[in-house]
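What follows is a set of notes on a single structure, which appears directly below.
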Amino acid sequence: MPRLFATAPDALREIFGYDSFRGFQREAIEQVAGGGDAIVLMPTGGGKSLCYQIPALLREGTGIVISPLIALMADQVDAVAQVGIRAAYLNSTLTRAEQAAVEARYLAGDLDLLYLAPERLAVPATRDLLQRGRVALVAIDEAHCVSQWGHDFRPDYLGLAGLPEWFPGVPRIAVTATATAATRREIVERLHLGDALCLVASFDRPNIFYRVEPKARPADQIARFIATEHPGQAGVVYALARAGTERLATHLRSAGIDAVPYHAGLAAADRHAAQSRFLRQDGVVIVATIAFGMGIDKPDVRFVVHADLPKSIEGYYQETGRAGRDGEPSDAWMAYGLGDVVQLRSLIESGSGSAQHKHQQRLHLDAMLALCETTDCRRRQMLAYFGEDIAPCGHCDTCQQPPPTWDGTEAAQKLLSTVVRLDRERRQHFGVGQIIDILRGHTTERTTRFRHETLSTWGIGGDLTMPQWRGVARQLLARGDLAISDDGHDTLLVTDHGWEVLRGERSVALRVESAPSGKPRKTAKTKVAAGGVETPQEENLTSEEETLFEALRQWRRQEATEQQVPAYVVFHDATLRAIARAKPTSHEQLGLVSGVGARKLERYGDAVLGVVGGGG
Ligand code: ADP
Ligand code: ZN
């Protein structure tokens, strides 16, 4: 069957069933289809894969896709096979015979896409094979893995510098969701992409609602958040420690949520099983350390929860970005408390890194803390961190409910002067709990033992509750008025900045500690797809449409189970919802729904129309 499409829009419509390009997909596709190189930086869910898939269909030969994760290649191939793209992968999981079959297909010109890990390309025999066939382009996925200073460095990516020499004249396209300018420079340099067209999208993810709540009893808060706002939906919960993921998963399961733990300490088979359940079944919640996530392109992750404070805005943004790749409304929800600040500050101070490294870590954490404590729009603050300037978004917690502040100068002075007095004793190490007990005049074994009721600040803070004082301490730590000593005991110190407050040279506006609240009512009238393109807000489904949507999901579940593929590769939720709304009665009408390409129409048309007609 001849595979060549005349134009990019033809391929977009015919293969993927989409009407228009997002962002600068079109520019990227034209550049690469025309034989030029490109670097594409788009946020997660922006639509990077089309930027190399469509040129591979427009050009003669096979598009080689370099991808870092062998474990996900089979799913990637399944997903593109659903739309009728002829794809395969070569990696160590194949038998000899399977491998020979893929090689034969490649040489026969029978593949649109061939997925490879970078180490595979380092093998001369692989290059020899590729040179005997026809390479349409080379796509370097997750190109930030080439950056030695980044968080996902893969030494094998450095070998990709040889591409222009191995495949002269073959266009290359590097894609990544990592935004910083430093990473971009490294990609250009190490992959010799100096002449490439560099396309940088806005990193805004307008469909994600960002929210940070005070941490009280996090396991209960998270269970409540999922049960009330995302029952039965897929999500990721990030926790700092391995043990934390297991505890939390157990707690969520006991609350009736289908949760599985995932961390690097699990046996490979258990990790694989957890990942595969999350990808294939509807509504699984994965409770993971940050070891989980890269390369996961499940489009219908409805929420990302942070049970603990992330170490940097870069990490937080990348992790929350895994929600809502399909452009549908999604939530990023974080619980944040005093314990997080103490723990992360103390991890840095007692860590073994160089002074320079600690300094870097402190800067990252300070920016993260400022984001948590901000009274300004959160999205605006995050994007400013990445060098983008936007107006307040109206679609985050602080925009919808600006947090009230109070003059906390006097409270701050009381707390800081207690810290100073304890510090003078220098005999013992006291944490935040002891300081609050002193302020509130609360007698304990420890206050009696150290005769703390004789301190002049004893009992001067009875006007605030324990949680309020913890809020004051947390905010002073976040503002840098208080610091954690590097003695390994989490002892508090007053910084130079804090002394200015003590001396009355600076006043302190603090956020009012609010009780955990539900999500503010949505007011946005437009739905914005990932990539920043506004689309008219579709009304919520009527109850009748909702019933049809559920029936379609039920059908999809069966279909996916039979084929042993993730449900979303059959159809996205967004497509099923659009079908429920359109209620098509013919193949022709069904083919007009976004996300229904020619191949899927042919394959699933009868079944879907059957469900819509009530006969399925
Ligand atoms: P990325 O790799 O940038 O994270 P993907 O390429 O996986 O993003 O695309 C994210 C989702 O958006 C996919 O489900 C894809 O099918 C969908 N998508 C991509 N381009 C378009 C488009 N032009 N119109 C509608 N949906 C699109
Ligand atoms: Zn906002």
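The values are calculated or read from the model by the stated rules, or taken from the named source; none is laboratory data. What you see is a predicted model, and the numbers here were worked out from it, not measured in a lab. So basically every Cβ, Gly included, is an ideal-geometry build from the backbone, and we count neighbours across all protein chains shown. These accessible areas exclude ligands, DNA and RNA; they are computed on the full protein's heavy atoms, side chains included. Shrake-Rupley method; radii C 1.70, N 1.55, O 1.52, S 1.80 Å.
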Check your understanding: Accessible area, 1.4 Å probe, largest first: how do Thr418, Thr93 sort?
Key -> Thr93, Thr418
Study note, to complete from the structure: the chain -> Rg/Rh from Cα coords, Kirkwood Rh, value 1.02
Review point. How many nm separate the modelled label positions at Ala355 and Ala161, each set 7 Å beyond the Cα in the direction of the Cβ?
Key: 3.3 nm
Study note, to complete from the structure: Heavy-atom accessible area with a 1.4 angstrom probe orders Val494, Val287, most exposed first, as Val494, Val287
Point to revise | Dipole magnitude of region 257-316, debye to nearest 20 (Cβ charges: Lys/Arg +1, Asp/Glu -1, about Cα centre) | key: 80 debye
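Suppose every K and R has +1 on its Cβ and every D and E has -1 on its Cβ; what is the size of the dipole of region 8-200 about the Cα centre, in Debye to the nearest 20? Provide the component values of the computation, followed by the final result.
Details: 17 positive and 23 negative charges, 22 e Å.
Here region 8-200 has a charge dipole of around 100 debye.
How much length is gained on full extension from Thr250 to Ala108, taking 0.36 nm per residue of separation minus their Cα-Cα distance? Don't skip to the end; give the middle numbers.
Values: separation 142, 0.36 × 142 = 51.12 nm, distance 5.12 nm.
Once the chain is fully extended between Thr250 and Ala108, it gains 46.0 nm.
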Point to revise | Positive-pole candidate from Pro218, Thr398, Ala291, dipole of the chain, charges at beta carbon | key: Pro218
Review point. For the chain, what is the relative contact order in percent, using Cα pairs closer than 8 Å and at least 6 residues apart in sequence?
Key: 15 percent
Review point. Along each of its three principal axes, how wide is the spread of alpha-carbon positions in region 8-200, in whole angstrom units, largest first?
Key: 44, 39, 30
Revision key, fill the gap. Ignoring ligands and nucleic acids, His587 exposes an accessible area, probe 1.4 Å, in Å² to the nearest 10, of 70 Å²
Exercise for review: For Ala551 and Glu445, calculate 0.36 nm times their separation in residues minus their Cα-Cα distance, and state this gained length in nm to one decimal.
Suggested key: 31.9 nm
Review point. Could you give the accessible area per residue of the chain, probe 1.4 Å, as a whole number in Å²?
Key: 43 Å²
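Would you rank Thr454, Thr585, Thr178 by solvent-accessible area, highest first, keeping every protein chain in place and using a 1.4 Å probe? All intermediate terms of the calculation are to be shown ahead of the outcome.
Working: Thr454 90, Thr585 110, Thr178 20 Å².
Most to least solvent-accessible, the answer reads Thr585, Thr454, Thr178.
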Review point. What's log10 of I(q)/I(0) for region 540-613 at q = 0.24, 0.27 Å⁻¹, Debye sum over Cα points only, no solvent?
Key: -1.13, -1.42
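Based solely on its DSSP helices, what 222 nm [θ] is calculated for the chain when runs of n ≥ 4 H residues each add -39,500 (n - 2.57) and the sum is averaged over all residues, nearest 500 deg cm²/dmol?
Numbers: 28 runs with 276 residues, N = 616.
Roughly -13000 deg cm²/dmol at 222 nm, from the helical runs in the chain.
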Revision key, fill the gap. Once phi for every residue in region 95-111 is put through the Karplus expression 6.51 cos²θ - 1.76 cosθ + 1.60 (θ = phi - 60°), the whole-Hz ³J(HN,Hα) values, with Gly and Pro written as x, are 6, 4, 5, 4, 4, 4, 5, 5, 4, 5, 4, 4, 5, 7, x, 9, 10
Point to revise | ³J(HN,Hα) computed for each position of region 328-340 - Karplus, 6.51 cos²θ - 1.76 cosθ + 1.60, integer Hz, glycine/proline x | key: 7, x, 8, 10, 10, 10, 10, 9, 9, x, 4, x, 4
Practice item. Quick one: what are the phi-derived ³J(HN,Hα) couplings along region 186-194, Karplus 6.51/-1.76/1.60 with θ = phi - 60°, whole Hz, x for glycine and proline? Key: 5, 4, 4, 5, 6, 9, 6, 10, x
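Between Thr228 and Ala509, what FRET efficiency comes out of the Förster formula 1/(1 + (r/R0)^6) with R0 = 35 Å and r the beta carbon distance, rounded to 0.05? Working shown, then result.
Values: r = 32 Å, r/R0 = 0.91.
Between Ala509 and Thr228 the formula returns 0.65.
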Check your understanding: To the nearest 20 debye, what is the magnitude of the charge dipole of the chain about its Cα centre, counting +1 on the Cβ of each Lys and Arg and -1 on the Cβ of each Asp and Glu?
Key -> 780 debye
**Study point:** Heavy atoms of Met466: accessible area, 1.4 Å probe, square angstrom to 10
**Key:** 80 Å²
Study note, to complete from the structure: Simple SL model, points at 7 angstrom along Cα→Cβ for Ile390 and Ser456; separation in nm is 5.1 nm
Revision key, fill the gap. Amide H neighbours of Val65 at under 5 Å, excluding residues fewer than 5 places away on the same chain, with H built from the backbone geometry, are Leu114, Tyr115, Leu116, Ala139
Practice item. With label points built 7 Å along Cα→Cβ from the Cα atoms of Ser485 and Ala267, find their separation and express it in nm. Key: 4.7 nm
Point to revise | Residues Thr7 and Ser594, FRET efficiency given R0 of 22 Å [Cβ-Cβ distance, rounded to 0.05] | key: 0.70
Check your understanding: Relative contact order for region 135-209 using alpha-carbon pairs under 8 Å, separation at least 6, rounded to a whole percent?
Key -> 37 percent
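Students often get this wrong, so check it: of Lys358/Lys414; Lys48/Lys298; Lys311/Lys358; Lys48/Lys358, which have C-alpha atoms separated by over 24 Å?
On the way: Lys358/Lys414 30 Å; Lys48/Lys298 14 Å; Lys311/Lys358 12 Å; Lys48/Lys358 35 Å.
The pairs that break the limit, which is 24 Å between Cα atoms, are Lys358/Lys414; Lys48/Lys358.
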Exercise for review: Name the residues whose placed amide hydrogens come within less than 5 Å of the amide hydrogen of Phe209, ignoring near sequence neighbours (fewer than 5 apart) on the same chain.
Suggested key: Ser330, Asp331, Ala332
Review point. Within region 362-379, what residues put their amide N at less than 17 Å from the label point 7 Å along the Cα-to-Cβ vector of Leu347?
Key: 362-372
Review point. Of the accessible area of the chain, with the probe set at 1.4 angstrom, what percent is carbon plus sulfur?
Key: 50 percent
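Considering only the other residues whose Cβ falls under 14 Å of the Cβ of Gly461, what net charge follows from Lys and Arg at +1 and Asp and Glu at -1? Provide the component values of the computation, followed by the final result.
Values: positive: Lys414, Arg421, Arg440, Arg470; negative: Glu410, Asp437, Glu453, Asp463.
Net local charge, Gly461 excluded: 0.
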Review point. What is the set of long-range amide H partners of Val237 at a cut-off below 5 Å, with H atoms built 1.01 Å from backbone N?
Key: Ile286, Val287, Ala288, Val305
Review point. For region 540-613, what's the relative contact order in percent, using C-alpha pairs closer than 8 Å and at least 6 residues apart?
Key: 33 percent
